[in-house]
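Working notes for the structure below.
Read the figures in this text as sums done on the coordinates, not as results from a lab. Here the structure is a predicted model, which is why all the values come from computation and not from measurement. We place every Cβ from the backbone using ideal geometry, glycine too, and count neighbours over all the protein chains shown.
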Amino acid sequence: MRAIRLLERFIFGTPLWVFLGGLCAIALVRTGTWYIPNITYSQILAQNPFTNPFEEAKAHYIVWSWLDSFLAWVFGATSPLAFYLLHLGFSLAFIALMITLCLRELPRDEARIALLAFFALPASTTALFWVSYDSLTLLLMALALATRRWRFAPVICGFGLGLQNFEQGALSMVVLFAALALRAHTWTPLPAGPLFALRVLSGTVVGKIALYLVFFLAGMKVNSGRFYYLQSDIALFLAAAALHAHVVVWSTLGTGWLIAVRYADLGRRALPFFLALAGAVMVSAISDDQTRVVAIVAFPLEAVHWVLDRGFLSGVTKPQAALLLLVFLLVPWTWTWGGKPMWSVFPYDVAYVLNALTGWPPIARELLPLWPFR
């Protein structure tokens, strides 16, 4: 196929800046960038992270994503624009760090396949689709991966995860540990071992305990957060996942399912990974925004087994890489929220810029947070 040959040439035969620039442009158009609708809640918390400003009990889970609001308070980034720009910075730093990690650790061709795989996974573009507290969560995970050969750095990153999102941090490391422990000493080593996952997990637990201590010393009354939210709406979450199971499961990897199909060629060696991935995907049954949560929980697992594993990447042929890029180009962005598929917000980005410059098209400012998702 001529298209496959042309895409091969783009992936492997162009200068790095052309390849990276093209890949980033494709990802941006395919996904767009917006902010999570409840970012204003986190911004309110940033005015004083040592008080709980929320009377509504179901909003207390925002307080448990504490670190980003604390950092915004420290840096004085507490206005709506400054708060958004800080989190956009977290998102861009996450993507830049993963790009650097691939280029630093892998040979030229494998690095380009790794970058293609990274951008094909929902985690990479979730950081842009919904700029939010998740931006810092993903950055901390990437920092842990980048410093995985150091003894204490992963623990420190885990500590940050405990202050930012204990549930996502802990679940991601439990899933990763399960996959790594099941295959330990059986096949060729991966970029990280079970001890890495345990180090990050231990730091995450300590971070959670430290956050309890912060709340206690500050006299903050906070309920169980996400567990309270889950208990209140679990019937809705289960119904959404069950009634939209196909699109929910598809969206957890998106075009990354093509990577999963290729990874399945490893046979029994791939079984620990897929068992762990199944556990991560099951989290969608108790989540409202299924793609976002599963993408983050599964990201360290996918990074260790796919994005950074030279052994796997070296077995991916150039036509297979070109096929992944072709699918990435053709298949629209699918991201589920409440079981319903969303779409690229890039056209809304363009409309917003046009409105800011010319006043057209008209946009109701009070509806702006949810405008692209209606």
**Message:** Given contacts defined as C-alpha pairs under 8 Å and at least six residues apart, what's the relative contact order of the chain, whole-number percent?
**Reply:** 24
**Message:** Between Phe90, Phe196, Phe215, where does the largest GNM mean-square fluctuation fall for the chain, given springs only between Cα atoms within less than 10 Å?
**Reply:** Phe215
**Prompt:** Relative contact order of the range 219-374: what whole-number percent is it, with Cα pairs under 8 angstrom and at least 6 residues apart?
**Reply:** 26
**Complete:** Restricting to aspartates and glutamates and to Cα separations under 13 Å from Lys58, and discarding same-chain partners fewer than 8 apart, the set is Asp233
**Complete:** GNM of the chain, Cα pairs under 10 angstrom: of Leu16, Leu357, Leu275, the biggest fluctuation goes to Leu357
**Message:** Please return the longest range in the chain lying between exposed loop sites, taking GluC sites (Glu not before Pro), DSSP loop only, at most 10 other beta-carbon atoms within 10 Å, and leaving the sites out.
**Reply:** 57-374
**Request:** Can you spot the lysines whose alpha carbon is less than 18 Å from Lys208's alpha carbon? Ignore those fewer than 8 places along the same chain.
**Result:** Lys221
**For Trp337, net neighbour charge (Lys/Arg +1, Asp/Glu -1) across residues whose Cβ lies under 15 Å away** = -1
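Can you give the local net charge around Gly256? Use residues other than it whose beta-carbon is closer than 15 angstrom to its beta-carbon, Lys and Arg +1, Asp and Glu -1. Mind showing how you got there, number by number?
Working: positive: Arg30, Arg262, Arg292; negative: Glu302, Asp309.
Charge balance near Gly256 sits at +1.
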**Three semi-axes of the equivalent ellipsoid, the chain, Cα gyration tensor, whole Å, largest first** = 32, 26, 20
**Prompt:** Which helices count as membrane-span-like in the chain under these terms: full DSSP H, at least 24 Å along the axis by C-alpha, Kyte-Doolittle mean of 1.0 or more?
**Reply:** 80-105, 166-183, 194-218
**Rotationally averaged projected area of the range 245-374 (alpha carbon convex hull; nm²)** = 10.0
**Asked** What percent do you get for the relative contact order of the range 157-282 when only Cα pairs under 8 Å and 6+ apart count?
**Response** 36
**Request:** Collect residues whose amide H, placed 1.01 Å from N in the peptide plane, falls under 5 Å from the amide H of Val131; neighbours closer than 5 in sequence don't count.
**Result:** Trp34, Tyr35, Ile36
